[in-house]
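Accompanying notes for the structure given below.
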Amino acid sequence: GWLENELLRSFNLLKNKLEMRTKYARTVVLELQQHAVEQEGEDPNGRFTYRLAERLCRGLPIHGDLRDQLHEPGGVLQVLQELKTRSSQHTERFYELNNHHAALRSGQNPDMQVYSKNAEYMGNEWWVQSAHWKIQHWIKHYFITSEETVKNGWNTWTFHPGGDLPQGWKKQKFQGRDLYWNPDKHKYQRQAPEPTPLREPPLPLEPPWQLLDIGSSYNRFAGNSLVQAHALDLQPSENSEGVFKADFFKVPIVERKASGDAERMIVDQDDNLKGIVAKSFDVAVLSLVLSYLPDPMQRIEMVAKARQCIKDDRGLLVVFEAGEACAEGGWYKGDAPSEWSEAMAAAGFTVLKYVPEVTAKPSPESRPITKKIHMWILETAPV
């Protein structure tokens, strides 16, 4: 045949996922097969070739600048090697950030420049920037959504106590389909349950809203005119402005001195953070923070402490983590997002919305792609 049967899967994958032309996809598949045989000694069923094709399909939509290299002599192998290098660098930066946090908490003095570079790299990742844009979008919706805006087409998720699904129900994707866990029948079903009844819409809250950004090395929400951002981090980035250098675990939560007092962050004469006023913030954000903590109890403790900083009436907590975080996180036993949800709800929150993925363009010249994430929007509830 025109292509051996064991290579047709790889050929179709490249054509469909990367939209390659027929002749070009065939050339790339044959180069992948040659590389697979060099690596493995043989590839009789095309399995190793297919793995390499999958690697191209995962990496090229994100690293679109490498696509033209495929046309060059030996370009397929060069692109595979560069994708492997970039993936290794990403993993290395993650663990360096993790080790940096651990070193700071143990009293050591790790390399500040390395931390700043790694934190800046993570903050500039396309999926992180897209998630942060969504966070600002949802904060805006939560505080200014009203009965009138809903009539004009705004989403009603802010009016669902406990989220879009009834208590105990869970939504999960399986082979591209949405399945729903029915807690009464103890099994999954295809049919979605009736949504929870809408509650009365609260009155809109005028901006600016007070936002506590915990673990923000570069004050990512400082440019948003709808919020007044207060950021703190174990080690602020070198060029950051308005970020307190502090360990959130060690910052005391203090009661407000007097009724009407607008003070939220207690600082000394040298602008060192000495305390955070309890229940003085409309929103708290934990973005790529909990997964860097070494054990589940510290994560629960951080969420509970964040709860002390947020107002009881219409307070909001946003938690954002990479898609791999739950499985590595230590709370995971089976349905990881549900277990994280339950753990955070126990600290005094109601889950309004859970977001399992983000879709955006990694670069202007690339096509939109989807990355798995974990994001929760939680509303304060009685403790």
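The values are calculated or read from the model by the stated rules, or taken from the named source; none is laboratory data. Quick caveat, the model's predicted, so the values are computed rather than measured. Backbone-built Cβ (ideal geometry, glycine too); neighbour counts: all protein chains shown. Ligands, DNA and RNA are stripped out before the accessible areas are found, and what is left, the full protein with its side chains, is counted by its heavy atoms. Shrake-Rupley method; radii C 1.70, N 1.55, O 1.52, S 1.80 Å.
Listed values, structure above:
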read-out	value
Packing rank of 242-248, 362-368, where each peptide gets the mean count of other beta carbons within 10 Å, highest leading	242-248, 362-368
Extension gain, ASN5 back to ARG58 (0.36 nm per residue minus Cα-Cα distance, nm)	16.8 nm
Proximal aspartates and glutamates to LYS250, defined as alpha-carbon separation beneath 15 angstrom and excluding residues fewer than eight positions away on the same chain	ASP233, GLU301
Positive-end residue, the chain charge dipole about Cα centroid, Cβ charges, pick of PHE248, GLN81, ALA36	ALA36
In sequence order, calculated HN-Hα J values of segment 276-289 (Karplus, 6.51, -1.76, 1.60; Hz; x Gly/Pro)	10, 6, 4, 6, 10, 10, 7, 9, 10, 10, 10, 10, 6, 10
Exceeding the 18 Å Cα-Cα cut-off - candidates LYS171/LYS305; LYS257/LYS279; LYS140/LYS173; LYS17/LYS361	LYS171/LYS305; LYS140/LYS173
At least 24 Å along the helix axis (C-alpha) and Kyte average at least -1.0, DSSP helices within the chain	22-40, 75-105, 126-144
Fluctuation leader among GLU206, GLU238, GLU357 - the chain, Gaussian network, Cα springs under 10 angstrom	GLU206
Calculated P(r) of segment 87-144 - Cα pairs past 18 Å, %	49 percent
Of HIS230, HIS186, HIS132, the one that fluctuates the most in a GNM where the chain has Cα springs shorter than 10 Å	HIS186
Distance in nm between pseudo-label sites at ASP178 and GLU342 (7 Å out along the Cβ direction from Cα)	2.3 nm
GNM flexibility winner over the chain from ASN118, ASN272, ASN45 (Cα, springs under 10 Å)	ASN45
Heavy-atom accessible area order for LEU317, LEU179, largest first, 1.4 Å probe	LEU179, LEU317
Chain lengthening between PHE249 and LYS187 when straightened (0.36 nm per residue, less Cα-Cα)	18.3 nm
Chain lengthening between ASP65 and THR350 when straightened (0.36 nm per residue, less Cα-Cα)	98.3 nm
Segment 36-79: radius of gyration and largest Cα-Cα distance (Dmax), Å	11.5, 32
Selection of GluC sites (Glu not before Pro), segment 13-60, meeting DSSP coil and at most 16 other Cβ within 10 Å	GLU19, GLU42
The chain - percent of accessible surface contributed by carbon and sulfur, probe 1.4 Å	48 percent
Expected 222 nm ellipticity per residue - DSSP helices of 4 or more, -39500 (n - 2.57), all of the chain, to 500	-12000 deg cm²/dmol
Projected label distance in nm at GLN228 and LYS257, using a 7 Å step from Cα toward the beta-carbon	1.6 nm
Average accessible surface area per residue within the chain, 1.4 Å rolling probe, Å²	54 Å²
